[in-house]
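Quick notes on the structure that follows.
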Amino acid sequence: MKTSERVLEFLKQQGFCPEVDPNNGNIFFKYQMRSFIFINNDEDEDFFQLALPGIFDVTEDNRELALEACNKTNFSIKVIKCCIPHDDVWVFFENLLDSSPEVKDIIPRALAILQGAQQQFYENMK
């Protein structure tokens, strides 16, 4: 079973209401009033990527501070990539998987780490 299928099955079992993008297979869901995206990487089944998008709006006035806050967040939390892909900050949880990943163990920890990274980013912005 593909990792994306395991993730979708787990989310449904846990009572989430995941939606699959028919164009790319990304899985969108909400958890604790936040929107998350499981990035479909079917071409690389050993790569797990979960995103917390749009946690901060970036403008010309705050771009430098946001970049520094992203850098500090990346340095302080394992398996996190905090970046500015457009005009907002996204936080990614990225990990390499073994041949039979237990998404029931990975997803709850990934969600907690992403939420912690969001809080750390906000603290770094102060």
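Enter the Cα centre distance for the pair segment 36-92 and segment 15-32, rounded to the nearest angstrom.
Value for the Cα centre distance between the two parts: 18 Å.
Would you work out which of Gln14, Leu52, Phe36 lies farthest towards the positive end of the dipole of the chain? Charges go on Cβ: Lys and Arg +1, Asp and Glu -1.
Gln14
Please go through the residue pairs Lys2/Lys72; Lys12/Lys126; Lys104/Lys126; Lys78/Lys126; Lys12/Lys78 and name each one whose alpha carbons sit more than 26 Å apart in this structure.
Over 26 Å Cα-Cα: Lys2/Lys72; Lys12/Lys126; Lys104/Lys126; Lys12/Lys78.
Using the Cα centre as the reference, give the magnitude of the dipole from point charges on the C-beta atoms of segment 56-115 (Lys, Arg: +1; Asp, Glu: -1; all else neutral), rounded to the nearest 20 debye.
340
Which value, in debye to the nearest 20, gives the size of the charge dipole of segment 1-86 about its Cα centre, when Lys and Arg are +1 and Asp and Glu are -1 at the Cβ? Write out the running numbers ahead of the final one.
Working: 9 positive and 14 negative charges, 85 e Å.
Around 400 debye, computed over segment 1-86.
Of the accessible area of segment 1-86, with the probe set at 1.4 angstrom, what percent is carbon plus sulfur?
Result for segment 1-86: 50 percent of the exposed heavy-atom area is carbon or sulfur.
Compare Pro18, Pro53, Pro108 in a GNM of the chain, Cα atoms joined below 10 Å, and give the one with the largest fluctuation.
Of Pro18, Pro53, Pro108, the most mobile in the Gaussian network model is Pro108.
Given a 1.4 Å probe and heavy atoms of the protein chains only, how would you sort Met33, Met1, largest accessible area at the top?
The ordering from most to least exposed comes out as Met33, Met1.
Filter the trypsin sites (Lys or Arg not before Pro) in segment 5-111 down to the DSSP loop ones having no more than 10 other Cβ atoms within 10 Å, then list what survives.
Passing sites in segment 5-111 are Lys78.
Where is the GNM fluctuation largest for the chain (alpha-carbon springs, 10 angstrom cutoff): Glu68, Glu60, Glu102?
Among Glu68, Glu60, Glu102, the largest mean-square fluctuation in the Gaussian network model of the chain belongs to Glu60.
Before I look further, what does segment 1-86 give for accessible area per residue, probe 1.4 Å, in whole square angstrom?
Ligands and nucleic acids excluded, the figure is 63 Å² per residue.
The values are calculated or read from the model by the stated rules, or taken from the named source; none is laboratory data. These numbers come from a predicted model, not from an experiment. When we count neighbours, we look across all protein chains shown, and the Cβ atoms used for this are built from the backbone with ideal geometry, even at glycine. Side chains included, ligands, DNA and RNA excluded: accessible areas come from the protein's heavy atoms. Shrake-Rupley method; radii C 1.70, N 1.55, O 1.52, S 1.80 Å.
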